[in-house]
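Have a look at the structure below, then the notes.
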Amino acid sequence: MTQLDIDFVRSQFPAFSEASLQGQAFFENAGGSYTCRQVLNRLDRFYRTRKVQPFGPFEASRLGGEEMDEARRRMAALLGVATDELSFGPSTSQNTYVLAQAFRQWMSPGEAIVVTNQDHEANSGPWRRLAEAGIEIREWQIDPETGHLDPERLEPLLDEKVRLVCFPHCSNVVGEINPVVEITAMAHAAGAFVCVDGVSYAPHGFPDVGQMGPDVYLFSSYKTYGPHQGIMVIRRALGEMLPNQAHFFNGGVLCKRFTPAGPDHAQVAACAGMADYVQALSAHHGGPGGGGEDCAAFVHDLMRAHEINLLQPLLDFLKDRPGVRLIGTAEAANRAPTVALELAGRAAEPVAAELAEHGIMAGGGDFYAVRLLQAMGVDPDKGVLRLSFVHYTSQAEVTQLIEALDRVL
């Protein structure tokens, strides 16, 4: 496999030449990534020359609308789905909430939804609230020692009452990558639809949603090097079945049915910059052109190989460390580089503050995964120390992190 050119990658992110950030290594990427220059350039251009109501007859308006359409078309192509199966919204939390309201109208009392206690609350809470409408909520529970979400534990929860199974591609705390294809096949065989929270996975490479098969896939573009938007794929069969949540006159347009509020025109248009970046990475490394799912798969594999190479030494350093509980697997190939640590007798946030004195930008807390922490016996008030990175992280920064952890822990 071609090795990721880390110098080229970092040249695409203005943050790495920002004077105020020099000497600081960014390890809170699970909360939001740096923005690539392609997105920043598009955002700047839109605000300077297109900041009018789009899709009108005059030039600035026409160009603004074309850029918004371009973003939808190109992002859908990367994800392997039809253009109108992709929707933009203000955040993934908001997109999930709107989707849950559609299911509330569509489902009948006594029918069931499966959720997990591995999820970020955004892909758990909105579904759990449907119990108020008589919907049965069944919890697919993790292993309390490892945080592992075992597909075998899903099987007994599936019967003719289940209409939807919701789970994360990977947890924002456990980090283990869940087998989406296998779980989706199980749910579909039982007659249920599938909703996957991809927020913690997509920053490590855009997945081929079309090939994996879930009916809904959600992620946040501000964690995939773009602006603060939520991106939601809803496959046609489900999207046209659920009740319209938008203006009545938009009910016949799939990509508008689940966006009741007007979109942020500039940020939607700037999302095309994420596709620019993927294509630039592919071209630089001799990969496929065209900007389709084959291009995304090539870049995905480049990113993951680099991340795995950097992650394993960190896991090896932490897994047997006294007073430290590594949450999730110690095998880098089976997880995203999102590493959470329970610190014996210590609250996590003050430790993150100590790391900042050594130039490490990390976080401590519950990270909206309170149910997960409680299930694993972690005090949410003390939380976990989370160290998360992506493909633009360098070997030198991981070394800096390990040295800082050695001092602070």
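Data table
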read-out	value
Residue count, the stretch 280-320 (criterion: open to solvent by 40 Å² or more (accessible area, probe 1.4 Å), farther than 18 Å from residue 69 by Cα and not basic (Lys, Arg))	18
Qualifying residue in the stretch 276-299 (condition: part of a strand (DSSP E or B) and within 20 Å of the chain's Cα centre (by Cα))	no
Test: residue 353 is assigned to a helix (DSSP H, G or I) and over 26 Å from residue 15 (Cβ atoms)	no
Residue in the stretch 104-115 that is within 24 Å of the chain's Cα centre (by Cα) and farther than 22 Å from residue 199 by Cβ present	no
Strands (runs of 3 or more DSSP E) contained in the stretch 130-247 and holding at least 2 residues under 30 Å from residue 377 (Cβ atoms)	136-140, 162-168, 193-197, 216-220
Options 157, 218: the member that is assigned by the TED database to the domain that holds residue 80 and open to solvent by less than 20 Å² (accessible area, probe 1.4 Å)	218
Qualifying residue in the stretch 226-240 (condition: under 26 Å from residue 281 (Cα atoms), at pLDDT 95 or above and of a type in the set (D, E, K, R))	no
Every residue from the stretch 321-340 that is within 20 Å of residue 172 (Cα to Cα), surrounded by fewer than 22 Cβ atoms within 10 Å (Cβ to Cβ) and not charged (D, E, K, R)	324, 326, 329, 330, 332, 333, 334
Scan of the stretch 191-214 for residues that are touching a strand residue (DSSP E or B) at 6+ places or on another chain (Cβ under 6 Å) and either surrounded by fewer than 24 Cβ atoms within 10 Å (Cβ to Cβ) or of a type in the set (Gly, Ala, Ser) (or both), ordered by number	192, 193, 198, 200, 202
Residue that is least open to solvent (accessible area, probe 1.4 Å) [pool: residues in the stretch 38-60 that are in contact (Cβ under 8 Å) with a residue 40 or more places away in the chain and closer than 17 Å to residue 277 by Cα]	39
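One line per residue, one yes/no per condition, for (1) part of a loop (DSSP other than H, G, I, E, B); (2) on the phi > 0 side of the Ramachandran plot; (3) touching a helix residue (DSSP H, G or I) at 6+ places or on another chain (Cβ under 9 Å):
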{"site": "53", "(1), (2), (3)": "yes, no, yes"}
{"site": "61", "(1), (2), (3)": "no, no, no"}
{"site": "65", "(1), (2), (3)": "no, no, yes"}
{"site": "69", "(1), (2), (3)": "no, no, yes"}
{"site": "73", "(1), (2), (3)": "no, no, yes"}
{"site": "78", "(1), (2), (3)": "no, no, yes"}
{"site": "88", "(1), (2), (3)": "no, no, yes"}
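The values are calculated or read from the model by the stated rules, or taken from the named source; none is laboratory data. Everything numeric here is computed off the predicted structure, so don't read it as measured data. Please note: Cβ atoms are built from the backbone with ideal geometry, for glycine as well, and neighbour counts cover all protein chains shown. Side chains are part of the model used for accessible areas, which takes the heavy atoms of the whole protein and leaves out ligands, DNA and RNA. Shrake-Rupley method; radii C 1.70, N 1.55, O 1.52, S 1.80 Å.
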